[in-house]
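Worksheet: one structure, shown below.
The values are calculated or read from the model by the stated rules, or taken from the named source; none is laboratory data. Everything numeric here is computed off the predicted structure, so don't read it as measured data. Cβ placement follows ideal geometry from the backbone for every residue including glycine, while neighbour counts extend to all protein chains displayed. Note: accessible area is taken over every heavy atom of the protein model, side chains too, but ligands, DNA and RNA are not part of it. Shrake-Rupley method; radii C 1.70, N 1.55, O 1.52, S 1.80 Å.
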Amino acid sequence: WPESSWTSPQEFVILGFSGWPQGLRVLLFALLLPLYLATLAGNLLILVLALVEPALHTPMYFFLGALSAVEVAYTLVLTPRMLAGFLLPPGGQAVAPSTCAAQMGLFVALGGSECLLLAAMALDRYLAICRPLYYPQLMTTGLCWGLLASCCVGGSVLALGLTTAIFQLPFCHGGLVNHVFCDLPAVLVLACGNRDLQEHVLLVACLLLLVLPLVLILLSYTRVLVVILGVGGAAGRRKAFNTVASHLTVAVLHYGCATAMYARPLSSRSLEEDKLVSLIYINLTPLLYPAIYTLRNRDMQGALQRVVSQRTPVMTHQVEF
């Protein structure tokens with residue numbers, strides 16, 4: 001595009017799936033709305049249990065509750081606007097540049113915080129299983145809050161840097177975002193001029209948020225599995241193995257999806273394919289987290305049973321009264 005065509009659009013239009021037939025869009029809305037509600041309910045359940053159940057007041061469930069809180073915020077930032085787009089008339093959703101930048105920044109901040117938080121959870125399991133004698137002295141309440149704060153600050157700083165770098169660029173005519181939200185690559189392809197710096201910043205962010213934490217997680221859990229297989233009784237090994245398997249499954253799902261989406265240059269991307277894949281990491285992946293943690297975790301199941309049993313007599317008494 002010639003420089004005379006460079007402009008700062010007054011609004012961005014999130015196209016989503018507005019070009020699809022209306023019947024198919026309504027069907028997608030009907031399928032994805034229950035997943036959205038189940039995701040919120042499942043993650044809120046984990047957060048509430050981690051807060052109110054004394055048996056879960058441990059570092060592992062502190063981080064698990066924090067992860068669920070991040071997932072709730074992540075879901076609220078992305079999913080409602082995506083669902084609304086299925087019911088709106090063709091043409092997409094118009095948003096102000098500030099709204100687009102805010103959504104992008106929140107998405108990166110929450111996603112980045114989650115990446116770092118999963119690494120903190122791996123550190124907690126490593127210390128608990130590989131250094132059990134020193135674990136109570138090492139993983140203190142202050143350290144837990146410090147790690148959580150570091151994860152949030154790290155994700156927020158990277159989000160601010162990436163969002164600022166992208167929205168400093170001029171944009172070509174239009175501002176049509178071929179995605180279901182203001183995702184980084186979908187907005188970056190609209191930029192004019194030399195965007196090599198922004199692409200390099202995005203790849204560096206992927207290295208810091210995806211590759212390095214994933215390597216640390218795999219190394220930590222490899223060491224944990226070696227220790228589990230070498231010591232302890234069968235029951236203890238089974239419980240520790242189930243915990244590690246749950247955490248590792250979540251890590252592989254999260255980092256696998258994110259790496260496949262963002263650790264690629266713009267020239268090799270298909271925005272239509274990215275838009276389809278986004279339905280998975282926006283709707284399915286966050287739902288799997290509470291399913292994995294609650295179905296495979298006996299402590300969480302026991303806490304849920306105790307909370308329900310405590311509520312049942314109260315409700316029965318009220319009905320009898």
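Go through the range 149-169 and give me each residue that's open to solvent by 30 Å² or more (accessible area, probe 1.4 Å) and either part of a helix (DSSP H, G or I) or within 30 Å of Trp20 (Cα to Cα) (or both).
Of everything in the range 149-169, those that are open to solvent by 30 Å² or more (accessible area, probe 1.4 Å) and either part of a helix (DSSP H, G or I) or within 30 Å of Trp20 (Cα to Cα) (or both) turn out to be Ala149, Ser150, Cys152, Val153, Ser156, Val157, Leu158, Leu160, Gly161, Thr164, Phe167.
In the range 152-207, how many residues are under 27 Å from Ala120 (Cβ atoms) and of a type in the set (A, V, I, L, M)?
Qualifying residue count for the region: 14.
Restricting to the range 282-321, and then to whatever is polar (S, T, N, Q) and buried (at least 16 other Cβ atoms within 10 Å of the Cβ), can you tell me which residue is modelled with the highest pLDDT? Lay out the reasoning, then the answer.
Step one: list which residues in the range 282-321 are polar (S, T, N, Q), which gives 283, 285, 294, 297, 301, 305, 309-310, 312, 316, 318.
Imposing the further condition that a residue be buried (at least 16 other Cβ atoms within 10 Å of the Cβ) reduces the set to 283, 285, 294, 297.
Working: Asn283: 86, Thr285: 82, Thr294: 69, Asn297: 71.
Here the answer is Asn283.
Is it the case that some residue within the range 194-207 is out of contact with any Phe, Trp or Tyr (no Cβ under 8 Å at 6 or more places or on another chain) and not in a helix (DSSP H, G or I)?
yes
Only one of these is charged (D, E, K, R), within 13 Å of Phe181 (Cβ to Cβ) and surrounded by 17 or more Cβ atoms within 10 Å (Cβ to Cβ): Arg81, Arg25. Name it.
That would be Arg81, the only listed residue that is charged (D, E, K, R), within 13 Å of Phe181 (Cβ to Cβ) and surrounded by 17 or more Cβ atoms within 10 Å (Cβ to Cβ).
All but one of (1) surrounded by fewer than 20 Cβ atoms within 10 Å (Cβ to Cβ); (2) under 24 Å from the mean Cα position of the chain (by Cα); (3) closer than 29 Å to Val95 by Cβ hold for Asn194, so report the exception by its number.
Every condition holds for Asn194 apart from (2).
Output yes when any residue across the range 111-134 is free of Cβ contacts under 8 Å to residues at least 40 places away in the same chain, open to solvent by less than 30 Å² (accessible area, probe 1.4 Å), part of a helix (DSSP H, G or I) and farther than 29 Å from Ile280 by Cα, and no when none is.
The answer is yes; a qualifying residue exists.
Is there a residue in the range 231-254 that is open to solvent by less than 70 Å² (accessible area, probe 1.4 Å), on the phi < 0 side of the Ramachandran plot and at pLDDT 80 or above?
No.
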